[in-house]
Amino acid sequence: AAGCAPPNAKAPPLLGGAGCPNAGEAPKVGGAAEAPPPKEREGVPEGAPNEGAPPAGAAAAGGAAAAWEPVAEHGHGVATVLVGALLDRITGGRYRAARHRVVAEPSAHASAARVAATFFFRPAPAALLRRPPSPLLEGVAVREVTFASWVQRVNGKYERHKAAARFPAPPRVQPTARAAEEYQGCMQEVAGQEGRATTAALDCVFRFIREWMSTTHPDADAFVEVARDGLIVAKNQAGRNVDWMHDMKSWSEGVTFNETPTPKWGDVQFPTASALQRAASRFREMSVEEINSRLAPVLTVQQDYGETGCEGGRRLEVREGTSLGGKR
């Protein structure tokens, strides 16, 4: 439909005559007559609901001389296809681009919601804009430029028009008391859900540490690292040699240690990445005494290295049994 000639155009359709009207008729899209490129109507925002709204239409580009022509049909079930500036450019203006303006002036329809879903299928930046190889456009002069150059020039015009502020900014709509109350309620519910998910993730962290210690019984230096991205690792390390190491995700799915499989965590859902990150942040802020209270009586913190060896997270050296506290 984008290849159909607008009314009064001299050139036939670019893409063939199938489905296109005769000269002087509006193109038909989905059974609806399509008028020439649109001109804004004073006080009627683009996309206003059809019910009770003035009829849709368009006007050929031509400044003050342009005349408004309503389309035969519009609304649900009717597709309105408008020629864009790029087709206008490469056809030397034979297929005129539609004007796209949204008038934000007070009117009977000013409070109507406007929803636009736009998809731009564009050439590569280095693509050369040239006249299409069609006999219908022979003799049409088109200055060849790259798509990137053309976009830069168009954007410059847009910014100048934007700076001119020809149209007033739309009025700010103040939410009603009920809407504000509902919004606050939703935000509180989201915060509550995140808090519960963070607590559940932190419970999993301490469960993993306790299970790992009571199952593997480290015979060297035992370390627990809680990274800021939510990766939880426990390892048995002698000097620079790591004898064994497990992460919480793998542990929850079941591993084999000393030829003995560990049980899977079938009673809990493994935390999401965002919940683990929040849990790691909370773990980083906990005191050694708080951590020991959650690890007792299986193990205790022997030394707290903070972020040393675990940037942005927390690294602890632990040992089996309980004590009065760890070093920090």
Checked against (1) open to solvent by 90 Å² or more (accessible area, probe 1.4 Å); (2) closer than 30 Å to TYR305 by Cβ; (3) in contact (Cβ under 8 Å) with a residue 12 or more places away in the chain; (4) not polar (S, T, N, Q), LYS264 satisfies every condition except (2)
Look through the range 241-261, keep the residues that are part of a strand (DSSP E or B) and not polar (S, T, N, Q), and return whichever of them is surrounded by the most Cβ atoms within 10 Å (Cβ to Cβ). HIS246
Answer with yes or no whether ARG282 is open to solvent by 90 Å² or more (accessible area, probe 1.4 Å), of a type in the set (Lys, Arg), out of contact with any Phe, Trp or Tyr (no Cβ under 7 Å at 6 or more places or on another chain) and assigned to a helix (DSSP H, G or I). yes
From the option list ALA238, ALA273, ALA234, single residue qualifying as at pLDDT below 95 and open to solvent by less than 60 Å² (accessible area, probe 1.4 Å) is ALA238
Among the numbered criteria (1) touching a helix residue (DSSP H, G or I) at 6+ places or on another chain (Cβ under 8 Å); (2) closer than 15 Å to PHE283 by Cα; (3) of a type outside the set (Asp, Glu), which single criterion is violated by GLY195? (1)
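The values are calculated or read from the model by the stated rules, or taken from the named source; none is laboratory data. Keep in mind that this is a model prediction, so the values were computed, not measured. Cβ atoms come from the backbone with ideal geometry, glycine included; neighbour counts cover every protein chain shown. Side chains included, ligands, DNA and RNA excluded: accessible areas come from the protein's heavy atoms. Shrake-Rupley method; radii C 1.70, N 1.55, O 1.52, S 1.80 Å.
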